[in-house]
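Undergrad: If you scroll down you'll find the structure; I have some questions about it.
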Amino acid sequence: MVELRVNGVVQQVDVEEEMPLLWALRDALGITGTKYGCGIAQCGACTVHLDGRAVRACQVAVGDVGHREITTIEGLGTPESPHPVQAAWIELQVAQCGYCQSGQIMSAAALLERTPDPSDDQIDRVLSANLCRCGTYPRIKSAVKLAAQRLQGG
Amino acid sequence: MGRLGTVTRRTFLIGSAAVAGGVAFGTYMVKRPLPNPLLDDLAEGEAAITPYVKIDADGVTLITPRADKGQGAYSIQAHLIAEELDVDPHSVRLTPGLPGPAYYNANVLKEGSPFPQYDESWMAQRVRGLMELPAKLMGMQMTGGSTTTPEAYEKLRMAGAVARETLKEAAARQTGVARSMLSTEDGHVVTPSGDRLAYADLASLAADIRPVTNVELRPPEDWTRLGRSVERVDIVAKSTGTLDYGIDLDFDDMLHASVRTNPGMGGALVSFDASAAESMRGVSQVVEITNGVGVVADNTWRAFQVVNAIEIEWADGPYPSSQGEIWDELARAHDGEPDSRNRDDGDVEAMFSDSAATVLEAEYRVPFLAHAPLEPMNAIVKASDDRLEIWTGTQIPGFIKTHAAELSGVAPENIFVYVQPMGGSFGRRLEDTYVLQAIEMALAEKGRPVKMTWTREEDMTHDYPRPAQLARMRGAVKNGEVQAYDFANSSSSVMNSWFGRLMGPLPGPDATIVSGAWDQPLGIPNYRVTGYRAPEMVPTSSWRSVGNSGVGFQHAGFLDELFVAAGVDPMDELIRLCTHDLSRQVLEELKSLSGWTGPSLGEDRARGVAFAMSFGVPMAEVVEVTSTPRGIRIDKVYAVCEVGRVLDPVNIEAQITGGVIWGLGHAMNCELTYENFAPKQTNYHNFEGMRLYQTPEIVAKALENGDEVNGIGEPSVPPAGPALANAIFAVSGQRIRELPLNKHVRFV
Ligand code: FES
Ligand code: FES
């Protein structure tokens, strides 16, 4: 049994400690907004927050999470009450297939948390870890900027 | 050219059928003695309806049969119906439906609806048109070849209009008010006195009425949804992690599985040792499947670990083992008999022996490319002795049903395919091996749903890629003009490989080996295009823009060499050579939009241009680059095309820019190279495509000068790579004749 704090709820999961957090979320807890794309830290589809920092859930063993708070896309916001980053994503209609977008949004939200007014270079550096096969990058970039503006009350 | 036009102009019939508790509206087809796998379940003369609108006591359901791989198909289909039906697509149910019309057969027959005419020439034309991809895709409930919009454009609006008028007729009978006095609004029929009758309450009455089919479609100036920026129906779910893709579905008691099959695709399994694997925690069983081994376990991670722990001996793959041997085969094919010569204007040979002409020769190569959509292939199957249920993202639900029946012995009418939203496809899901593998494992675990997920490594190495191709060309310039272009490409046949797996091998030449060359509207006086068919090697399939993806680079790349040799401006020469008004307008618009005055943009900066017409859409792109000390930077791209009518401006921009990024990213750094029968590339670390930091500003423009409505999922791909290569030449003098370009230059 491993104890995890996911989106504000403490959960007991009956899995081995070495299971990647990605699969504990998806298969053991049924929290599937976090996606599997590569399993080797190349695509970013599995990005979640650990105590607010973006990590690749395919690279973190559940046994190493400890008491850190896990936030997934479901914990960031909801369809009724989206996080400002999600609201920007909706407003600019970023998603095509959408499969990468949970990870893109989690990366963007963590970036804006620490760097409320990121430069183009900072956006490039952080979001380049997230692959989008559909090529939604131009709108991702615009949406990060829109969200930054909104978060700063603009 | 204009192949899609012949389809959009054909006739079709909208009718209705009673269904449980209500009524469905859709198109009719009748079984005739012509092959159409869709109608296999029907007796001759029987009718089937493909429903688009269903209304019952629970409300309105729009059935959007074209799969959504991310290109916005659900949304555009829903908006087409809603424009005529007067419902809000965000507040009705949407479903991709079940494959095949047979699902609704019984009801159609019970009602015995009349279907006065059947346009036989239409079906015959489809069969004759088998050589052409779009025609072939059309008949078979597939999504591909940029066909969704042109096909849906009239059909779905007509279905919405027939449904609306029939509901009004039902309301007229119920209220005694003449139909012409009634109007419709947001899912209701409204009487002159303001009474509102919900569609749901009229459904059963409407089922008993002959559908009102003499309806006029609303003219574009009256549209309230189409042509405007509308919110995609799935955009909130996709931005909040709440959309379930196939890979996300969960059922009680579900098992998880993964497979490894011969990396030499089609090669056999010789032996395997699963003794260690079988005793690992959480393993249900190890199953031998076609050409490989599968593991069924308690979670996906376990299935991955265990399947990778099995010792397996593979037979050789059924094709040359190395990339070098594959190139040799492609080169040899040029010495054989032509597969096609669809263009032979003037006399190229005479021009090559003209002593006043400058003659150029070149060889261009394009590599195998994986589709690699971000959601790896997966399927959930629940099997019992006489029933199969399948949940998966696919473009070919009808074929899955046929193949599943052959594999399992279950009767087709007891096989149900539930099409799921897809995390990308790009042509990948026109294949169904992964589904058949899931069926094999579910048959070993009857009664429990089995979710089979591929590792990314299995996915990348079993992709059915775009084929490698080798083109040889000669050209002649004289008096500052391109006088001759002799283009010859060799390739294995995608159509034969892919169709062989779907239905059996395809006779006749494969036009896709040269599509993007023979069919271009360029008036070069001596112009010859020849296709050479190399033997089947690695199994291949359609990859976003199909033949045009590789041929586009080869054809436009060498054309640029001819322009340079002739000493002409490439943009002006394309315009001068262009024989098609709509295409010329595209080029002229691109010239003015990009402020084109020539390839040079000053020190260390330059641009290239390329044109390609594919799927009925003329598309031209300018790529601007800077040569920096660390490598080439792509600064800006202009993309202009002709689509007839823009139905969804937000989505069309997304599709054009997405295609440009797809085209550029793969041209920059992607290839599959074979060694020991398998690709060396196994995951995104060595098959990367474009990333955000490399993404240029992209200006996209869609013109509406023509009268055909065309889809835009693919046409922006072909010109992107050659426009970039031509820009690199303009900035550096380096002519690159093979992809990926990063074999020769660095990108920053
Ligand atoms: S699945 Fe974790 S980075 Fe790709
Ligand atoms: S939207 Fe499809 S992978 Fe990003």
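The values are calculated or read from the model by the stated rules, or taken from the named source; none is laboratory data. Just so it is clear, the structure is predicted and the values come from calculations on it, not from any experiment. Cβ placement follows ideal geometry from the backbone for every residue including glycine, while neighbour counts extend to all protein chains displayed. Surface areas here come from the heavy atoms of the whole protein model, side chains and all, with no ligands, DNA or RNA. Shrake-Rupley method; radii C 1.70, N 1.55, O 1.52, S 1.80 Å.
Matching residues to (1) aromatic (F, W, Y); (2) touching a strand residue (DSSP E or B) at 6+ places or on another chain (Cβ under 7 Å); (3) more than 16 Å from ligand 2 (Cβ to nearest atom); (4) under 25 Å from B:S322 (Cα atoms):
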{"residue": "B:F426", "(1), (2), (3), (4)": "yes, no, no, no"}
{"residue": "B:V435", "(1), (2), (3), (4)": "no, yes, yes, no"}
{"residue": "B:M441", "(1), (2), (3), (4)": "no, yes, yes, no"}
{"residue": "B:G447", "(1), (2), (3), (4)": "no, yes, yes, no"}
{"residue": "B:V450", "(1), (2), (3), (4)": "no, yes, yes, no"}
{"residue": "B:A476", "(1), (2), (3), (4)": "no, yes, yes, no"}
{"residue": "B:G480", "(1), (2), (3), (4)": "no, no, yes, no"}
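Undergrad: Which ranges mark the strands (runs of 3 or more DSSP E) fully within segment B:275-336 that have 1 or more residues being more than 24 Å from B:A438 (Cα to Cα)?
TA: The strands (runs of 3 or more DSSP E) meeting that bar number zero.
Undergrad: What are the residues in segment A:133-154 that are in contact (Cβ under 8 Å) with a residue 24 or more places away in the chain and more than 16 Å from ligand 2 (Cβ to nearest atom), if any?
TA: Hits for segment A:133-154 are A:L146, A:A147, A:A148, A:R150, A:L151, A:Q152.
Undergrad: Please indicate, with yes or no, whether at least one residue in segment A:17-24 is more than 16 Å from ligand 2 (Cβ to nearest atom) and either assigned by TED's automatic domain parsing to the domain that holds A:L111 or open to solvent by 40 Å² or more (accessible area, probe 1.4 Å) (or both).
TA: Checked segment A:17-24: at least one residue is more than 16 Å from ligand 2 (Cβ to nearest atom) and either assigned by TED's automatic domain parsing to the domain that holds A:L111 or open to solvent by 40 Å² or more (accessible area, probe 1.4 Å) (or both).
Undergrad: Another question, if that's okay. Looking only at segment A:33-68, how many residues end up being of a type in the set (V, I, T) and within 16 Å of ligand 2 (Cβ to nearest atom)?
TA: 2
Undergrad: Something else: Before we move on, is B:Y485 among the hydroxyl-bearing types (S, T, Y), in contact with a Ser or Thr (Cβ under 6 Å, 6 or more places away or on another chain), assigned by TED's automatic domain parsing to the domain that holds B:L330 and at pLDDT 95 or above?
TA: In short, no.
Undergrad: Would you say B:L360 is away from ligand 1 (no atom under 16 Å from the Cβ), away from every other protein chain (no Cβ under 14 Å) and buried (at least 23 other Cβ atoms within 10 Å of the Cβ)? Break it down into steps so the answer makes sense when it comes.
TA: Values: away from ligand 1 (no atom under 16 Å from the Cβ): yes; away from every other protein chain (no Cβ under 14 Å): yes; buried (at least 23 other Cβ atoms within 10 Å of the Cβ): no.
For B:L360, the condition - away from ligand 1 (no atom under 16 Å from the Cβ), away from every other protein chain (no Cβ under 14 Å) and buried (at least 23 other Cβ atoms within 10 Å of the Cβ) - is not met.
Undergrad: Is segment A:105-112 home to any residue that is within 16 Å of ligand 2 (Cβ to nearest atom) and touching an Asp or Glu at 6+ places or on another chain (Cβ under 7 Å)?
TA: No.
Undergrad: Scanning for something charged (D, E, K, R) and within 12 Å of ligand 2 (Cβ to nearest atom), does segment A:125-132 turn up at least one residue?
TA: Checking segment A:125-132: not a single residue is charged (D, E, K, R) and within 12 Å of ligand 2 (Cβ to nearest atom).
Undergrad: While we're looking at this one, here's another question. Criterion first (more than 14 Å from ligand 1 (Cβ to nearest atom), more than 9 Å from chain B (Cβ to nearest Cβ) and free of Cβ contacts under 8 Å to residues at least 12 places away in the same chain) does A:G77 satisfy it?
TA: For A:G77, the condition - more than 14 Å from ligand 1 (Cβ to nearest atom), more than 9 Å from chain B (Cβ to nearest Cβ) and free of Cβ contacts under 8 Å to residues at least 12 places away in the same chain - is not met.
Undergrad: Somewhere in segment A:105-115, is a residue over 15 Å from the mean Cα position of the chain (by Cα) and more than 16 Å from ligand 1 (Cβ to nearest atom)?
TA: Yes, there is a match, as at least one residue in segment A:105-115 is over 15 Å from the mean Cα position of the chain (by Cα) and more than 16 Å from ligand 1 (Cβ to nearest atom).
Undergrad: Quick one: what pairs do we get from segment A:47-58, first residue farther than 20 Å from A:V9 by Cβ, second among the aromatic types (F, W, Y), C-beta under 9 Å, 6+ apart or different chains?
TA: These pairs meet every condition: A:C58/A:W23; A:C58/A:Y36.
Undergrad: Report yes if some residue within segment A:90-101 is outside the structural domain of A:T32 (by TED's automatic domain parsing), within 17 Å of A:R26 (Cβ to Cβ) and under 10 Å from the mean Cα position of the chain (by Cα); otherwise report no.
TA: Yes, the conditions are met somewhere in segment A:90-101.
Undergrad: Out of the residues in segment B:650-701 that are more than 17 Å from B:F426 (Cβ to Cβ) and under 20 Å from the mean Cα position of the chain (by Cα), which is nearest to the other protein chains (Cβ to nearest Cβ)?
TA: B:V650
Undergrad: Follow-up question, since we're still on this one. For the condition open to solvent by 30 Å² or more (accessible area, probe 1.4 Å) and more than 12 Å from chain B (Cβ to nearest Cβ), what is the one hit in A:V55, A:V65, A:V10?
TA: Within the list A:V55, A:V65, A:V10, the selection yields A:V10.
Undergrad: Just to be sure, is B:H555 surrounded by fewer than 22 Cβ atoms within 10 Å (Cβ to Cβ), touching a residue at least 40 places away in the same chain (Cβ under 8 Å), under 26 Å from B:E481 (Cα atoms) and touching a strand residue (DSSP E or B) at 6+ places or on another chain (Cβ under 9 Å)?
TA: No: the conditions fail for B:H555.
Undergrad: Pairs under 8 Å by beta carbon, first residue within 13 Å of another protein chain (Cβ to nearest Cβ) and under 30 Å from B:V514 (Cα atoms) in segment B:447-472, partner open to solvent by 10 Å² or more (accessible area, probe 1.4 Å) and within 16 Å of ligand 1 (Cβ to nearest atom), six or more apart or different chains?
TA: B:M460/B:Q681; B:M460/B:T682
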